[in-house]
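Have a look at the structure below, then the notes.
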Amino acid sequence: QVQLVESGGGLVQAGGSLRLSCAASGRTFSSYHMAWFRQPPGKAREFIAAISRSGGRTSYGDSVKGRFTISRDNAKNTVYLQMNSLKPEDTAVYYCAADDYRLGRVTESYRYWGQGTQVTVSS
């Protein structure tokens, strides 16, 4: 098993940047594919980005491509989401997810989830 704790959320103005972190503990971090999802108020959870175990493969949702970057540091057991050019529609709770088998773009691909961190973008 792996435990995930997100941090780095907060309030930012449109056009600004934030970096989210997700710290993992438990089983070997490098065994897991990692992903970020978000859930705006009243809406379904949306795929944002994913990264393979070694970091060699990444995938992004269309709504964030070119603005967000996922990365990982296996020595620090941490995955990051750099968010630039933020828009009010990026406001959501952001979740970190992990799976030791699938590298997918849907919630069903991931077995382990963090509790989420709130990101609010003001206009």
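The values are calculated or read from the model by the stated rules, or taken from the named source; none is laboratory data. Computed from a predicted model, the values in this text were never measured in an experiment. Heads up, the Cβs are rebuilt from the backbone with ideal geometry, glycines too, and the neighbour counts pull from every protein chain shown. When the accessible area is computed, the model is the full protein with side chains, heavy atoms only, and any ligands, DNA or RNA have been set aside. Shrake-Rupley method; radii C 1.70, N 1.55, O 1.52, S 1.80 Å.
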Output for Cβ contacts, cut-off 7 Å, separation at least six or different chains, first residue within 13 Å of S59 (Cβ to Cβ) in the range 84-110, second open to solvent by less than 30 Å² (accessible area, probe 1.4 Å) and part of a helix (DSSP H, G or I), reads R102/S109
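Are any of the residues in the range 42-52 among the polar types (S, T, N, Q), under 18 Å from Y110 (Cβ atoms) and either buried (at least 17 other Cβ atoms within 10 Å of the Cβ) or out of contact with any Gly (no Cβ under 9 Å at 6 or more places or on another chain) (or both)?
First, pick out the residues of the range 42-52 that are among the polar types (S, T, N, Q): 52.
In the following step, the residues that additionally are under 18 Å from Y110 (Cβ atoms) were identified as 52.
With either buried (at least 17 other Cβ atoms within 10 Å of the Cβ) or out of contact with any Gly (no Cβ under 9 Å at 6 or more places or on another chain) (or both) added as a condition, the list becomes 52.
Yes, the range 42-52 contains a residue that is among the polar types (S, T, N, Q), under 18 Å from Y110 (Cβ atoms) and either buried (at least 17 other Cβ atoms within 10 Å of the Cβ) or out of contact with any Gly (no Cβ under 9 Å at 6 or more places or on another chain) (or both).
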When every residue in the range 74-123 that is aliphatic (A, V, I, L, M) and part of a loop (DSSP other than H, G, I, E, B) is compared, the one most open to solvent (accessible area, probe 1.4 Å) is A75
Filtered residues of the range 18-32 (kept if more than 23 Å from M83 (Cα to Cα) and either among the acidic types (D, E) or in contact with a Cys (Cβ under 9 Å, 6 or more places away or on another chain) (or both)):
none
Failed condition for S25, given (1) surrounded by fewer than 14 Cβ atoms within 10 Å (Cβ to Cβ); (2) touching a strand residue (DSSP E or B) at 6+ places or on another chain (Cβ under 6 Å); (3) within 29 Å of G15 (Cα to Cα), with all others met?
(3)
Wholly inside the range 1-70, strands (runs of 3 or more DSSP E) that include 3 or more residues that are closer than 23 Å to V121 by Cα, of a type in the set (D, E, K, R) and at pLDDT 95 or above are none
When you go through (1) within 14 Å of the chain's Cα centre (by Cα); (2) more than 17 Å from S109 (Cα to Cα); (3) open to solvent by 40 Å² or more (accessible area, probe 1.4 Å); (4) not aliphatic (A, V, I, L, M) one by one for S17, which number turns out not to apply?
(1)
Residues in the range 1-14 that are of a type in the set (A, V, I, L, M, F, W, C) and open to solvent by 30 Å² or more (accessible area, probe 1.4 Å) total 3
Test: T78 is touching a Cys at 6+ places or on another chain (Cβ under 8 Å) and within 17 Å of A24 (Cβ to Cβ)
yes
